[in-house]
1. Please give the length that would be gained between Leu350 and Thr24 if that part of the chain were fully extended, namely 0.36 nm times their separation in residues minus their C-alpha to C-alpha distance (nm, one decimal).
2. First compute the accessible area of the range 228-378 with a 1.4 Å probe, then give the percent of it belonging to carbon and sulfur atoms.
3. Please find the FRET efficiency linking Ser107 to Glu69, where r is the Cβ-Cβ separation and R0 is fixed at 30 Å, and quote it to the nearest 0.05.
4. Under 16 Å between alpha carbons, and skipping anything fewer than 8 positions from Lys267 in its own chain: which aspartates and glutamates qualify?
5. Per-residue HN-Hα couplings for the range 240-246, Karplus 6.51 cos²θ - 1.76 cosθ + 1.60 at θ = phi - 60°, whole Hz, x for Gly and Pro?
6. Within 10 Å, count the other beta carbons around each residue, average over each peptide in 156-166, 16-26, and list them highest first.
7. Stretch Gln93-Ala279 to full length: gain in nm at 0.36 nm per residue minus the Cα-Cα span?
8. Grab the beta carbon distance between Ile14 and Asp212, set R0 = 51 Å, and tell me the FRET efficiency rounded to 0.05.
Amino acid sequence: MLIIWSCAGLLWWIISWWLVTAATKPAGPILHPSEKKSLTIFKPLSPLESGGLQIETRGLESFIAQLDEKSELLLGVHEADWPEVMPFVQRMQVAYPQARIIIVRRSEVDRLANPKIAWQMLLAPHATGQLWLWSDADIVVPPEFLKQARAEFETCGAEMLTFPYAVRAVPYTPALLDALFVNAEFYPGVLLLRRVGSVDFGLGAAMLFTRDSFLRKVTWEELGSSLADDFILGQRLQPVRLSTTTLETVAYATDWPEAFAHYFRWKKTVCWCRPFGFAAQVVAMPVLGWIGFVLWNLANPLAWIGLATMVQIDVLFALLICRATGCRLNGAALLATETWSLWRVLFWVLCWLPGPIKWREKSWRGAQEPAFAPSRPI
């Protein structure tokens, strides 16, 4: 049984590596929409911490540089953070005078349990575009992205176009957990689903849809009570297509407690939203079986050899996949990768235990919360 399980795990790694490698090949020439519809990009900022705007700067500029006469960017800024953000906005206005950047500032408390959706609801009345593009503030897009996205949405025949993402840099060793989750655990599965056809979820990196579809099919209350707002948005705006363009997200954890908390939140959210799919991941985790075999046969050297072999296979393919996405790891991160396979199994088990997760200073005990839950003052 362990041999069959190990072969299944190895087969998935080979498929994953092939999917990621194939996705790095040029997708063809840049497409251009036949009709350039007006576009509004939503970019709400989380409350800034000691690092200021360092994490978001590169991503925001990658969007601002591509704004044209029929597009605008709504930048949501907490009033307390405006002194930090204002110099960046001024630089962007000088560097890209054609770009229409609309600043929306607020100091009131969140009206919705999900702070991101609380922001989107405040930004929406300022949006003039026929197309809405919701995107996390740290996402970095390639050149000509806005043209390509408009053209792909025009031809894909879907209600929503959403975009896969990968991590391409690990600035701090603890950020390795985010990079391995996104690149090795999450990204290959998304690429496989892209080949299958339409899906019923969105990815928070970027989601493109029409204003009319959103207002007709989605309510702020439902989105605002959901931990995984992108998942719910995809459920309501079906069919959803996965784009051929992969975006870049930032892995920014600077210490291990933060890294483990973020890793656990990501996995627990997937478990709550897709329990059957999350359970099926066990097929690709033979390390779990080998751990059980070792605990049952502590004196058996073959059990330890089997466990060590499977751990090294996990590490090897995780590194190959990271390399294929363009993510390079330093020496400390490479060394830390040796323990990742064990952490992956442990957190998969922990996700099935009852208990909350914490996001933005709020505890979530499931994928849904009361629609108008109280929040701390901003």
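The values are calculated or read from the model by the stated rules, or taken from the named source; none is laboratory data. Values in this document were obtained by computation on a predicted structure and should not be read as measured data. So basically every Cβ, Gly included, is an ideal-geometry build from the backbone, and we count neighbours across all protein chains shown. Just the protein is used for accessible areas: all its heavy atoms, side chains included, with ligands, DNA and RNA removed. Shrake-Rupley method; radii C 1.70, N 1.55, O 1.52, S 1.80 Å.
1. Using 0.36 nm per residue and subtracting the Cα-Cα distance, I get 114.0 nm.
2. 68 percent
3. Calculated value: 0.40.
4. Asp178, Glu185, Asp229, Asp230, Glu258
5. 10, 10, 8, 5, 7, 9, 9
6. Listed from highest to lowest mean packing, they are 156-166, 16-26.
7. Using 0.36 nm per residue and subtracting the Cα-Cα distance, I get 62.1 nm.
8. Once rounded, the FRET efficiency stands at 0.70.
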